[in-house]
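First up is the structure itself, then whatever we jot down about it.
A short reminder: the numbers here are calculations on the coordinates, not readings from a lab. Keep in mind the model is a prediction, meaning the values are calculated, not measured. Cβ coordinates were reconstructed from backbone atoms using ideal geometry, including for glycine residues, and neighbour counts include every protein chain displayed.
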Amino acid sequence: MPRGLRPERVGSCVSMLPLFESEVLEPEGEAAINASVFAAGIDFSPLRTEHWIAGIGAGAGALLLTLRGEASDPYVAHEDRLVSGIGYVEGSVARRIGSWARLKLGAMGAVCAPRPVLRFADRDVPFWGRWFGGLSLRAELGLSTSASEAK
């Protein structure tokens, strides 16, 4: 197999921050929700050409939900943070744009435990399931770790 075209295994740290708030509206009030994911995993790229890389990955981490409520009378609103553990799998396709950079498109499916629960007036309001998914577009920059790779 030509050099540079063999399968690749890479460890990664992942952080997904929200672009938009989610909102929940109920008779008791409303809540604005920001979801962030912080995780670490391993990626395996069995299909590689000179410019394209297809891969799969798996990892674990934490889901952080920041909630900001506004209540209708006579209820009282508050802010809260919910944290759950997550496990995820991801499929991806990347395009090399240099010897040390690439653009990557990924699709992730994940499960969280315990399931985050939002409560309005002592009742659970469904807004986030145990299973969730996400799409990502990211730029990856590589650093050489040995003198032979730097050449």
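Based on Cβ point charges of +1 for Lys and Arg and -1 for Asp and Glu, what charge dipole magnitude is obtained for the stretch 8-150 about its Cα centre, in debye rounded to the nearest 20?
Values: 13 positive and 17 negative charges, 166 e Å.
Result for the stretch 8-150 is approximately 800 debye, rounded to the nearest 20.
Considering amide H positions built from the backbone, and no H for Pro or chain starts, which residues 5 or more places from E8, or on another chain, come under 5 Å of its amide H?
HN-HN under 5 Å from E8: S45.
Using the charge dipole of the stretch 8-150 (Lys, Arg: +1 at Cβ; Asp, Glu: -1 at Cβ; taken about the Cα centre), state which of S84, L67, A121 has its Cα farthest towards the positive end.
Most positive-ward Cα: S84.
Anyone know which of S84, S45, S22 comes out most mobile in the 10 Å Cα GNM of the chain?
S22
Could you check which residue among P27, P46, P18 shows the biggest mean-square fluctuation in a GNM of the chain with a 10 Å Cα cutoff?
Residue with maximal mean-square fluctuation among P27, P46, P18: P27.
If the elastic network links every pair of Cα atoms under 10 Å, which of G59, G85, G133 fluctuates the most in the Gaussian network model of the chain?
Answer for the Gaussian network model of the chain: G133.
Could you please rank R123, R48, R130, placing first whichever residue has the fewest other Cβ atoms within 10 Å of its Cβ?
So the residues, fewest neighbours to most, are R123, R130, R48.
Could you work out [θ]222 nm for the chain from helices alone, using -39500 (n - 2.57) per DSSP H run of at least four and dividing by all its residues? Round to the nearest 500 deg cm²/dmol.
-500 deg cm²/dmol
Quote the Stokes-Einstein diffusion coefficient, in whole µm² s⁻¹, for the chain, based on the Kirkwood radius over alpha carbon pairs, a temperature of 20 °C and a viscosity of 1.002 mPa s. It would help to have the intermediate numbers written out before the result.
Working: Rh = 17.8 Å.
This corresponds to a translational diffusion coefficient of 120 µm²/s.
Normalised by the residues of the chain, what does the relative contact order come to in percent, with Cα pairs under 8 Å and at least six apart?
Values: 331 pairs, mean separation 25.7, N = 151.
Computed over the chain, the figure is 17 percent.
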